[in-house]
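Before any comments, here is the structure.
The values are calculated or read from the model by the stated rules, or taken from the named source; none is laboratory data. Quick caveat: nothing in here was measured; it's all calculated off a predicted structure. In this analysis, Cβ positions are derived from the backbone assuming ideal geometry, glycine residues included, and neighbour counts consider all displayed protein chains. Ligands, DNA and RNA are excluded from the accessible area calculation, which covers all protein heavy atoms including side chains. Shrake-Rupley method; radii C 1.70, N 1.55, O 1.52, S 1.80 Å.
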Amino acid sequence: MTATVTTDRLTVTTDRLTRVPGLLYGGDWNPEQWPEQVWAEDVKLMAEAGVNLVTVGVFSWARLQPDADSWDFGWLDRLLDLCHRHGVAVDLATATASPPAWLVRAHPDLLPVTADGVRLEFGSRQHYCPSSPAYRGAAVRLTRALAERYRHHPALALWHIHNEYGDHVQECFCPDSAVDFRRWLRERHGGIEELNRSWGTAFWSQRYTSFEQIEPPRTAPGPVNPTQLLDWRRFCSDALLALHRAEKAVLDEVSPGVPVTTNFMSMLKALDYWEWSRHEDLVSDDAYPDPADPRAHVNAAMNYDLMRSLKGGRPWLLMEQAPSAVSWRPVNVPKRPGLYRLWSLQALARGADGVLHFQWRASVAGAEKFHSAMLPHRGTAARGWQETVRFGAELRRLGEIAGSRLRGRAAVLLDWDSWWALELDDHPSARMRWPELLRPWYAALHERGVTVDFVPPTAGLDGYPLVLAPNLYLLDTATADRLTAYVRDGGRLVCGPFSGIADRHDHIHPGGHPGPLRELLGIVVDEHWPIPDGETTAVRLDGTAPDGPRSDGAEPHAEPHGADLRAERWSEWIETEGAETLARYASGTLAGLPAVTRNRLGAGTAWYLSCHLGADTGRVLDLPLAEAGVGAELPDLPADVEATRRHAADGRQYLFLLNHGGVERRVPLDTPGTDLLTGAATGDAVTLAPLGAAVLRLPAAEERP
Ligand code: GLA
């Protein structure tokens, strides 16, 4: 009865999400919190707002299964029937994120235990040990019961496994976890001697003679073995993934053809989303940028680019965002008028095919009663409701963009293994944290209007003229060889500091940093030189001219040459071994030594930034960007305007222009188009009000005048 799952578009099956034309709009709906009379009003208001997809059942376990041997599906039957009658499709949750009290009391050992040995209590949510057989058995049973009952229900469009894996509980140190960890270690290492070598247990007399002697890395008197900690991070991501896969296997078996997703949490350290996304039919994400942060949209853009990249550029779904304020920050600032619309459009601008929310109707009880909702406590007179309805109408005008895709002009390497290893303790500096290293690089690209894709270290890089690696602390030789081949073949690689340090066991590559990157980068690091908090080191660009054309036809940037930049957090004493020096340290002990280098290898170049340049990062990145011919989506973009382009299969383009600033901006255009939001034809420029936006349909190249 269902056709093949093809997740190129959100219209993933011919008789499921295809019934939801255009873009998806809706949110988490928690009808179990309300008397059924309210549901009738809900579906009426959903029609008014243009809601076409709701997520139901996320926290319904206690209601669906009142005790071990009884089920109550009647209310959910009525709810799905109601949705179907009103043309609202359902993203049906497997309801496993909050085990009910009866299950917890029957199996108290399914509650998670902290590194200090504290067992966390019932009374919140996500209170389960990822390795608990009791929890897993009950979760799989519930999933099967739901799948068998609703697989043919005409309202069912999408399965939603669990909720936000890794939220609240990412690890558990109980005896069940210890057993599972040992199993995982046996599979990874084979024998105990292999584990001893990998963990370097000759250090501090940590040698094991049997796997039974190994425990999770509970709180210990001093620093815990770093490879044990790294394996623990890997195990914890895998343990949650095993749970997810157990539910996914049931859905694939019982309900084939209905796509399955679980809601990711943007760039989350705990879960290796490259691995996870292989098991998703569709990537979906929960995003909560802070309205009080004037640069929040930059971080949001970064997260959305990652979500789009996880399945190679396929459209993804914004599963949750707040219509206005959240309730879990110390101070929860609402979205000022216009911000909700702008940030919703931003997700679409970066490849989403739908915008959903937490949640549909504001709760009156529980920990999230102050969280905003599409339908606020005040009801339809509320400002929030007006914005919900207005944006729903706008989304309908944008329906034709569904399925179109962005094309990154450069790639950013992201490796969870390296992230985990980078942030282990007892390094030269605790200030080298992946998100903080990445952010200024991403912000520089965002400011310059350059769309980037994220790629895993195993990715083919051929299509990208430029690859950026803000940090590759952990790097195996196979990846280093791939990067070297990429550069030899004409690619351009820019590598950030403290890279090429350790192998996959977190053992130092011997013979001088950056280990397997040394020949590629043409430099050797003599010593790491972290910069104390609050201090900076001057860096002077020498003035080597970039020698490549820019894709946007503009002259190469001349400005950075001779400029003074400031390094913070980190610097390195490096010596060149064939690379040319583009910038030198200009203050402190390292004054006069190379800071930024470029090495020619084969047909390409490899750049090295030996320091963290924070807000000045872009002034160095301008050089490889120019050399690689990587320019903005649109030249001459005014400040605060974000521009992205989605490409449809028929050659049409959709140019998104978003003004994140507080003043009106005029954006010059190279091609006239039609603004889908207003229906108006554009001339040679578009004027954007503060927080204003335009979505321009541009004809295919061959149809342009
Ligand atoms: C997450 C959860 C939701 C809700 C929201 C509140 O996204 O998935 O259940 O708690 O946060 O912001």
Requested in this report: Set the Förster distance to 45 Å, then compute FRET efficiency between Asp77 and His377 from the Cβ-Cβ distance, nearest 0.05.
Outcome: 0.95
Requested in this report: Considering Cα pairs under 8 angstrom that are at least six residues apart, work out the relative contact order of region 417-478 and quote it in whole percent.
Outcome: 49 percent
Query raised in the report: Cα extents of region 121-217 along the three principal axes, largest first, in whole Å?
Result: 61, 31, 20
Query raised in the report: How big is D for region 316-398, in µm² s⁻¹ as a whole number, if Stokes-Einstein is applied with the Kirkwood radius of its Cα pairs at 25 °C and 0.890 mPa s?
Result: 187 µm²/s
Query raised in the report: Lys335: which lysines have alpha carbons under 24 Å from its alpha carbon, excluding same-chain residues fewer than 8 sequence positions away?
Result: Lys369
Requested in this report: Provide the packing ranking of 531-538, 110-117, i.e. peptides ordered by the mean count of other C-beta atoms within 10 Å per residue, highest first.
Outcome: 110-117, 531-538
Report task. Could you grab the relative contact order for the chain? Cα pairs under 8 Å, six or more apart, rounded to a whole percent. Result -> 10 percent
Requested in this report: Could you pull out every residue, at least 5 positions away or on a different chain, whose amide H is within less than 5 Å of the one on Leu24? Hs are placed 1.01 Å off N in the peptide plane, and Pro or chain starts have none.
Outcome: Gly354, Val355
Query - Under 12 Å from the Cα of Lys311 - aspartates and glutamates, other chains or at least 8 residues apart - result: Asp8, Glu275, Glu280, Asp281, Asp453
**Report entry** Amide hydrogen neighbours beyond the local backbone of Asp506, cut-off 5 Å, H modeled
**Finding:** none
Query raised in the report: Per residue of the chain, what 222 nm ellipticity follows from adding -39500 (n - 2.57) for every DSSP H run with n ≥ 4, rounded to the nearest 500?
Result: -9000 deg cm²/dmol
Requested in this report: May I ask which residue of Val412, Leu475, Ala443 lies farthest towards the positive end of the charge dipole of region 391-509, with charges of +1 (Lys, Arg) and -1 (Asp, Glu) on Cβ and the Cα centre as origin?
Outcome: Ala443
Query raised in the report: How long is the gain from Val364 to Thr671 if the chain were fully straight, where each residue apart is worth 0.36 nm and the alpha carbon distance is subtracted?
Result: 105.5 nm
**Report entry** Heavy atoms of Arg407 accessible to a 1.4 Å probe, total area in Å² rounded to 10
**Finding:** 150 Å²
**Report entry** Apportionment of accessible area to carbon and sulfur, region 264-338, percent (1.4 Å)
**Finding:** 54 percent
**Report entry** P(r), alpha carbons of region 579-698 - 5 Å bins starting at zero, rounded %
**Finding:** 2, 9, 15, 16, 12, 10, 10, 10, 9, 5, 2, 1, 0
Report summary line: Hull volume per residue for region 254-310, using the convex hull of the C-alpha atoms, in Å³ is 93 Å³
Report summary line: Around Arg361 (Cβ within 13 Å, Cβ-to-Cβ, excluding Arg361; K/R +1, D/E -1) the net charge comes to -2
Report summary line: Free-by-geometry Cys in the chain, Cβ-Cβ under 4.7 Å as pairing rule, reported as Cys83, Cys174, Cys236, Cys495, Cys611
Report task. Go through region 299-372 and name the trypsin sites (Lys or Arg not before Pro) that are in a DSSP coil and have 14 or fewer other Cβ atoms within 10 Å of their Cβ. Result -> Lys369
Query - Unit Cα scatterers, Debye sum, region 347-459: log10 I(q)/I(0) for q = 0.11 Å⁻¹ - result: -0.67
**Report entry** Relative contact order (%) - criterion: Cα under 8 Å, at least six apart; region: region 108-147
**Finding:** 33 percent
Query raised in the report: To two decimal places, what compactness ratio does region 68-145 give when its Cα radius of gyration is scaled by 2.2 N^0.38 Å?
Result: 1.36
Requested in this report: Please list the radius of gyration and Dmax for region 237-285, considering alpha-carbon atoms only, with Å as the unit.
Outcome: 10.8, 32
Requested in this report: For the chain, just list the percent of Cα-Cα distances falling in each 20 Å bin from zero outward, please.
Outcome: 17, 48, 32, 4
Query raised in the report: Which of the GluC sites (Glu not before Pro) found in region 317-405 are in a DSSP loop and have at most 16 neighbouring Cβ atoms, other than their own, within 10 Å?
Result: Glu368
Query - From phi via Karplus (6.51, -1.76, 1.60), per-residue ³J(HN,Hα) for region 142-155 in Hz, x at Gly/Pro - result: 4, 4, 5, 4, 5, 5, 5, 6, 10, 4, 9, 5, x, 7
Query raised in the report: Considering only DSSP beta bridges whose two residues both sit in the chain, what percent are antiparallel, to the nearest 5?
Result: 55 percent
Requested in this report: Calculate, for Arg207 and Asp542, the FRET efficiency according to 1/(1 + (r/R0)^6) with r their C-beta to C-beta distance and R0 41 Å; round to the nearest 0.05.
Outcome: 0.20
Query raised in the report: What list of ³J(HN,Hα) values in whole Hz, one per residue of region 364-374 in order, does the Karplus curve 6.51 cos²θ - 1.76 cosθ + 1.60 (θ = phi - 60°) give from phi, with Gly and Pro shown as x?
Result: 9, 9, x, 5, 10, 6, 9, 6, 5, 8, 4
Report task. Go through Pro216, Gln170, Ala202 and say which Cα lies farthest out towards the positive end of the charge dipole of region 169-217; charges sit on Cβ, +1 for Lys and Arg, -1 for Asp and Glu. Result -> Ala202
Report summary line: Rg/Rh over Cα atoms for region 418-480, Kirkwood Rh, comes to 1.00
Report summary line: Summed over the other residues with a beta carbon less than 15 angstrom from that of Ser610, with K and R at +1 and D and E at -1, the charge totals -3
Query raised in the report: Along region 680-686, what does the Karplus equation 6.51 cos²θ - 1.76 cosθ + 1.60 (θ = phi - 60°) give for ³J(HN,Hα), rounded to whole Hz, x for Gly and Pro?
Result: 7, 6, 9, x, 8, 7, 10
